[in-house]
Amino acid sequence: MERIRTRLQLGGKSTFSEPVKLRKRKSKLYSPDDTTSRFENGFLGVNVIYFTVAFRLINCFLVQTSFVPDEYWQSLEVSHLMVFRYGYLTWEWTEGIRGYAYPLFFAIIYKILHFLSYDMVQLLVWLPRVMQALLAALADIKLYSLIQRLEQPYITRWMYFCQLCSWFTWYCCTRTLTNTMETVLTTLALHYYPLPGSKMYSSSKYLTLVALAILVRPTALIVWLPLLGWHFWQEHDKLKLLLHHALPIGALTLGTSTVVDCILHGKWTPVQLNFLKFNVLHNVAEFYGSHPWHWYLTQGFPVVLGPHLPLFLHGCTLAPKKYRILLITVIWTVIVYSFLGHKEFRFIYPVVPLCMVFCGFSLASLKAWKRPAASALLVLNLILALYTGLVHQRGTLDVMSHLRQLCDITNPQPEILFLMPCHSTPFYSHMHCPIGMRFLQCPPDLTGSKSYVDEADLFFADPNGWLRTTYPNPASLPSHMVFFDVLEEEILKFLESNKYTRNMEVFHTHIPEGRVGRSIFVYERRL
């Protein structure tokens, strides 16, 4: 022992008396700072939160165009009718295939404004969009947080850059669409999903968000089927996952939703079953148009990703295996929607945030071409975002702002007839006064009759004949008619003979198509 003690001494001092100096590790595993605390309390994290919120609010006010009728007719119009008791419901609500979960969110906002006597039309129009913008910002932040915990900071930054650059996200994320809320809830759920290495994994939280997404839009189940299946396959305690999480959450959300729908529909209404019945068994969606099976591959997916498409394809070859389930989800979603006849760009919007993860890996891997690629991505997306958000298809919103002035006229009270493809414009949610308005109806045939023709098709087949039949007495004609310029020549003689004159022209789009023209005309009857 004495020899050992002597050997361990140097200059009369024990070698153990000096502190041991360890080599500094660069790995995140040895970092003294926890990633969660850095994100939530660090300077960078706070800046990301503030910047994202400000960015999405600017995004909200720089989108002043219309996209699809569902933006209003499956949300704001229903909410307005729930609170203010005047307006119209589309056939989907009267037939009970749409639930009240999403419109109820905006109805609560409207009710608060009404209670405070602040139900001004500008607040009714913009506050729901501001709330949607804040939810979109939250989704962006959660996606950033998820990747930050899984990857190196430079990859996180480029993924975040790709997410904010997406022109389609800019175009959609502040709109009051069920697809937008579905995308927000999907992104939030992904934050708590058990990806390998994720420290924020929570079955109860992510399954609750998935259940809400399915209530808002039942087709959200398409996106989540592979993710749910992979989780169940990887889970060790499968019985606990089913009995303690999936079944209670599913029963609670479905039960609550069914009670709300039955109360607001005024009768027993199994919305989810009706949705499957009409859209799967009867395939009613094809009434509004159909596309070839390859449409998402050749047009839909390339357009939605836009300039991100090359980065996405490149990133799929670089991303670690733990993200393979996300890639499978993207491919699965596109394939399933390809088998459905009725196709729209917005249907695949929920997979866009998943695609941005792969775009981030691609951009982060570039060396000499990184800055030119990032600059090109920013400029190209900015052009698309500003054009579609400020120019393309803005007339149907602008014309409602002009028509709103008619609310101040009471003697005689004006009446407006919209001779446009049905649901082209928002309605009472953007007027907020019980003025007389009518539009061409286009409910699908639910009886199976092959000779069925809706009111809009009847009108466009013979506009003058429809007007003479519908208004045999000139005294019953509306005070104002609103239509696209492509219709003017055909009904001009009828307008002139009944003393209508054009008093307004509103630009709509540079790309007129079919029944949709370049401009919108407003004709007023002067007696």
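Quick notes on this structure:
- Relative to the current alpha-carbon distance between HIS236 and ARG502, full extension at 0.36 nm per residue lengthens the span by 88.7 nm.
- Nearest-0.05 FRET efficiency for LYS322 and GLU286, computed from C-beta distance (R0 45 Å): 0.70
- Extension gain (nm, one decimal) between GLU488 and ILE108, 0.36 nm per residue minus Cα-Cα: 132.7 nm
- Out-of-range pairs (alpha-carbon distance over 26 Å; input LYS205/LYS238; LYS343/LYS450; LYS205/LYS277): LYS205/LYS277
- Net length gained if the chain between SER375 and GLN405 were fully extended (0.36 nm per residue, minus Cα distance): 6.4 nm
- Approximate spin-label separation THR256-ILE383, in nm, with each point projected 7 Å along Cα-to-Cβ: 4.7 nm
- Spin-label pair GLU513/TRP268, simplified geometry with 7 Å Cα→Cβ offset, distance in nm: 4.4 nm
- Taking other residues whose beta carbon is less than 14 angstrom from the beta carbon of TYR452, and scoring Lys, Arg as +1 and Asp, Glu as -1, yields -4.
- FRET efficiency, GLN299 to ASN47 (Cβ-Cβ, R0 41 Å, nearest 0.05): 0.60
- In order along region 231-239, the Karplus-derived 3J(HN,Hα) couplings, from 6.51 cos²θ - 1.76 cosθ + 1.60 at θ = phi - 60°, round to 4, 4, 5, 7, 5, 6, 9, 5, 5 Hz, and Gly and Pro are given as x.
- Relative contact order for the chain, counting Cα pairs under 8 Å that sit 6 or more residues apart, in percent: 16 percent
- Normalising by residue count, the chain has a Cα convex hull of 207 Å³ per residue.
- Each eigenvalue of the Cα gyration tensor of region 394-525, multiplied by 5 and square-rooted, gives one semi-axis; in descending order these are 23, 18, 17 Å.
- Rounded to 10°, Cα long-axis angle of helix 178-191 versus longest principal axis of the chain: 10 degrees
- Using a Förster distance of 45 Å, the FRET efficiency for TYR452-ILE58 (Cβ separation, nearest 0.05): 0.45
- Only helices enter this figure: runs of n ≥ 4 DSSP H residues, each worth -39500 (n - 2.57), summed and divided by the residues of the chain, yield -16000 deg cm²/dmol at 222 nm to the nearest 500.
- Angle between the chain longest axis and helix 488-497 axis [Cα atoms, degrees, rounded to 10]: 40 degrees
- The long axis of helix 203-216 is offset from the longest Cα principal axis of the chain by roughly 10 degrees.
- Heavy-atom accessible surface of the chain, averaged per residue, reaches 50 Å², computed with a 1.4 Å probe.
- Rounded percent of accessible protein surface that carbon and sulfur make up, region 401-451, 1.4 Å probe: 49 percent
- Hydrodynamic analysis of region 76-202 uses the Kirkwood radius over alpha carbon pairs. Inserted into Stokes-Einstein at 37 °C and 0.692 mPa s, it gives a translational diffusion coefficient of 197 µm²/s.
- Only the Cβ atoms of Lys and Arg (+1) and of Asp and Glu (-1) were treated as charged; on that basis the dipole of the chain about its Cα centre amounts to roughly 3240 debye.
The values are calculated or read from the model by the stated rules, or taken from the named source; none is laboratory data. In this text, all values refer to a predicted model and were calculated from it rather than measured experimentally. Every residue, glycine as well, gets a Cβ built from its backbone with ideal geometry; the counts of neighbours run over all protein chains shown. Side chains are part of the model used for accessible areas, which takes the heavy atoms of the whole protein and leaves out ligands, DNA and RNA. Shrake-Rupley method; radii C 1.70, N 1.55, O 1.52, S 1.80 Å.
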